[in-house]
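Participant: Dropping the structure in here first, questions after.
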Amino acid sequence: MSENSKNKTGVDVAEVRRVAELANLELTQYEETAMQRDLSVILDHIAQLNELDTSNVAPMAQVSEVLDKSGQQAVTALREDVLRPSLDRKPVMEQAPETDGVFFKVPKVIER
């Protein structure tokens with residue numbers, strides 16, 4: 001473990017409260033303390049990962065490109081990305097409970 005990975009990232013309570021606000025969560029004092037500890041541990045782990053030399057590792061979008069569900073080398077690939085026709089907008093909008101003709105209208109679910 002290098003010297004940098006020993007340094008604790010540390011998340012303060014104000015940052016926990018800001019993240020909770022952005023996520024629209026109400027945390028108790030106990031939950032704030034637990035979240036502060038958990039976020040600090042996660043960020044410390046990420047700091048350790050950032051120290052790894054990945055210059056010779058090819059980028060990939062999915063781990064499934066390398067491993068199958070049993071952890072063995074994947075033999076099959078994901079299905080091909082093929083362009084297919086989608087639903088016709090007009091009949092779909094005609095069946096919607098509320099629409100402006102282009103988009104569905106839905107009730108507001110987030111209140112601030």
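Here, each number is a calculation from the coordinates, and none is a lab measurement. Since the structure is predicted, the reported quantities are computational estimates derived from the model, not experimental observations. Here the Cβ is made from the backbone with ideal geometry for all residues, glycine too, and neighbour counts use every protein chain on show.
Participant: Over the C-alpha atoms of the range 3-54, what are the Rg and the largest Cα-to-Cα span, Dmax, in Å?
Facilitator: 12.9, 40
Participant: Modelled label-to-label distance, Asn56 and Arg79, 7 Å Cα→beta-carbon offset: nm?
Facilitator: Computed distance between label sites Asn56 and Arg79 equals 3.9 nm.
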